[in-house]
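The values are calculated or read from the model by the stated rules, or taken from the named source; none is laboratory data. Keep in mind that this is a model prediction, so the values were computed, not measured. Note that we place each Cβ from the backbone using ideal geometry, even for glycine, and neighbour counts take in every protein chain shown.
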Amino acid sequence: MDDNGEFNWRRYPGTENFLRELLRDMTRKNGLLRRMAADFREVADIDLFDMVDHFTMPRDEVFVDRLQTLGLRREMQYASFTVYAAPGTYLPRVLVDAPNGRLGEGAAVRVERLSDFLLTQGFAREMEGRPYSRLRRSHLTRDNDISVWAVERRSFGIFEPDYPDTGYLPNYFRAREMWETRSRQGHPVELLDQAIQLARQLVDLLGQDVAAHLVLEAERKYWQNRNRAAQRQRIRQERLGIGWANHDHHTFRCTRQLLPHLVTLMETLGFTRRERFYAGAEAGWGAQVMEHAGSGFTLFLDIDLSPEEVQGDFSRERLPELEQLGTIGLWCGLHGDSVLQAGLHHLAVRTDFRRASDRLPERQVEIMDPFSDFDFLKQAFTRGETWAVDPRRIDTLLRLKRITPQQAEEFGAHGAVGSHLEIIQRTDGFKGFNQKTVSDIIQRTDPRQA
């Protein structure tokens, strides 16, 4: 990692194994969980464990002691249950009944939109919580004393159904339309300043958790419209009714001068800065990782970076232009910044990595060689989309001598690599990323290498 020592992410194999065994035991007893585990794997190459929002357990002091020994800490206290979480991991929470609680033993599966899940799975069930609120849920079944729930959430600050006042829903739709119809064409600094002001309005209307959720939902929609691999994987996941609930991180590419504006935009929505990355002089690339504890999202904000800039806080400083564009700068020069014209560079989704790597090519989705292949972290991109490039952008890059005449001719005739879908698998509760080999994939996705 970098000098942010607090982000030296650790592995927790014992904690994850304990929670996986909890799910395995419930799956042995509950027919619906068995069917869901098989369907998620067969239809979309997804491990059911990655879709567990939380477990519920009856009160047992020995069990609570075991949770605490494994590193789970009390996160919230409700009248009828206590929420335990494993800090520094991505692992699901555990809700433990109060002495007179009624949750019992069970598992809650997270989905993007509850009504879609119920429709797809053929359930006619009550939905608790108001539409588009911070948390909605449905109780699906109770079999052998194991309950199964489906949960739609826009905030991890709540574990009971949310019932906002009657003004909430009009505000939600107003906010969504405001963000989806914002201008993406024009002077980049002015557009980002407008986006920051708009984000403040969204937060005033909905709060940071829901505002961040709404913004990233819109950004995924914009990206998906331009990425065939995403469309094909989305169809598979819609057969299950889960949407993009298996998201791991969203990656925005950014020109150097605009990064402080982009960070301010995300901080307005409630994101906080995590570790900074530098992939090495040969890659010329760096990134600021950001996380939203309330909504559960993680971001990569990628920029060109020189070796002498590593020690500074490049997420705050306005960096000067480099004489030569790196991979990120050229991509932005050809397509625009991710938060503006280009859209996300990629969305990473949790999968059964080996299975997805084998099966996606059967659906005409080519997988590039992995850039992380550890027991605890596996990552690979789909082959990048080729996008046509606006001739005006090519002319500007050529005039500024950022590309050669031969490259200008190539980009004009054949376009340039655009966005990807990333498949990722995590184990051992590992929440971090791989800095050492990521420079290779950055170089392999450089438009000049196509």
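Brief remarks follow.
- Within the set Leu319, Leu340, the sole residue that is under 25 Å from Arg182 (Cα atoms), crowded, with 16+ Cβ neighbours inside 10 Å and in the same structural domain as Gln224 (by TED's automatic domain parsing) turns out to be Leu340.
- Unmet requirement for Thr264, which otherwise passes all of (1) under 30 Å from Glu309 (Cα atoms); (2) surrounded by 23 or more Cβ atoms within 10 Å (Cβ to Cβ); (3) among the polar types (S, T, N, Q): (2)
- Selection status of Val83, in the same structural domain as Phe18 (by TED's automatic domain parsing), surrounded by 14 or more Cβ atoms within 10 Å (Cβ to Cβ), over 27 Å from the mean Cα position of the chain (by Cα) and outside any loop (DSSP other than H, G, I, E, B): no
- Which listed residue, of Thr89, Thr15, is part of a loop (DSSP other than H, G, I, E, B), outside the structural domain of Val310 (by TED's automatic domain parsing), touching a residue at least 60 places away in the same chain (Cβ under 8 Å) and under 26 Å from the mean Cα position of the chain (by Cα): Thr89
- One residue stands out in the range 146-198 among those that are among the hydroxyl-bearing types (Ser, Thr, Tyr) and in contact with a strand residue (DSSP E or B) (Cβ under 7 Å, 6 or more places away or on another chain): the one that is nearest to Gly243 (Cα to Cα), namely Ser155.
- Taken over the range 19-39, the criterion of being farther than 25 Å from Gly122 by Cβ and crowded, with 18+ Cβ neighbours inside 10 Å is satisfied by Leu19, Leu22.
- Scanning the range 50-78 for residues that are without any contact (Cβ under 8 Å) to a residue 40 or more places away in the chain and under 14 Å from Thr15 (Cα atoms) yields a total of 7.
- All conditions in (1) in a strand (DSSP E or B); (2) surrounded by fewer than 22 Cβ atoms within 10 Å (Cβ to Cβ); (3) hydrophobic (A, V, I, L, M, F, W, C) hold for Phe123, with the sole exception of (1).
- Asp352 surrounded by 17 or more Cβ atoms within 10 Å (Cβ to Cβ) and acidic (Asp, Glu): yes
- For Thr15, the criteria (1) surrounded by 18 or more Cβ atoms within 10 Å (Cβ to Cβ); (2) in contact with a strand residue (DSSP E or B) (Cβ under 7 Å, 6 or more places away or on another chain); (3) over 20 Å from Asn246 (Cα atoms) hold in every case but one, which is (2).
- Selection of the range 294-321 for residues being modelled with pLDDT of 95 or more and among the hydrophobic types (A, V, I, L, M, F, W, C) yields Phe297, Leu299, Phe300, Leu301.
- Restricted to the range 252-275, and to residues there that are under 11 Å from Ile303 (Cα atoms) and in a strand (DSSP E or B), the residue that is farthest from the chain's Cα centre (by Cα) is Arg253.
- Filter result for Phe277 (modelled with pLDDT of 90 or more and touching a strand residue (DSSP E or B) at 6+ places or on another chain (Cβ under 9 Å)): no
- Look at the range 129-153: where a residue is touching a residue at least 40 places away in the same chain (Cβ under 8 Å) and a partner is among the aliphatic types (A, V, I, L, M) and assigned to a loop (DSSP other than H, G, I, E, B), sitting 6+ places away or on another chain with Cβ atoms under 8 Å, you get Arg134/Ile158; Ser147/Leu103.
- Single match in Thr251, Thr264 (criterion: at pLDDT 95 or above, of a type outside the set (Phe, Trp, Tyr) and farther than 30 Å from Ala44 by Cα): Thr264
- Subset tally (residues that are under 25 Å from Ala348 (Cα atoms) and either surrounded by 18 or more Cβ atoms within 10 Å (Cβ to Cβ) or outside the structural domain of Glu219 (by TED's automatic domain parsing) (or both)) for the range 291-316: 16
- Being outside any strand (DSSP E or B), of a type in the set (Ser, Thr, Tyr) and closer than 29 Å to Val52 by Cα is true of Ser357.
- Residue among Arg24, Arg74 that alone is part of a helix (DSSP H, G or I), basic (Lys, Arg) and not assigned by TED's automatic domain parsing to the domain that holds Glu275: Arg24
- Selection within the range 209-241: residues that are among the acidic types (Asp, Glu) and surrounded by fewer than 23 Cβ atoms within 10 Å (Cβ to Cβ). The member of this set that is farthest from Ala44 (Cα to Cα) is Glu219.
- Lone unmet requirement of (1) buried (at least 23 other Cβ atoms within 10 Å of the Cβ); (2) of a type outside the set (Gly, Ala, Ser); (3) free of Cβ contacts under 8 Å to residues at least 24 places away in the same chain for Leu198: (1)
- For the range 380-401, the criterion of being in a loop (DSSP other than H, G, I, E, B), modelled with pLDDT under 95, among the aliphatic types (A, V, I, L, M) and not assigned by TED's automatic domain parsing to the domain that holds Trp9 is met by at least one residue.
- Close Cβ contacts (under 9 Å, 6 or more residues apart or on different chains) running from residues in the range 96-117 that are without any contact (Cβ under 8 Å) to a residue 24 or more places away in the chain to residues that are acidic (Asp, Glu) comprise Ser115/Glu152.
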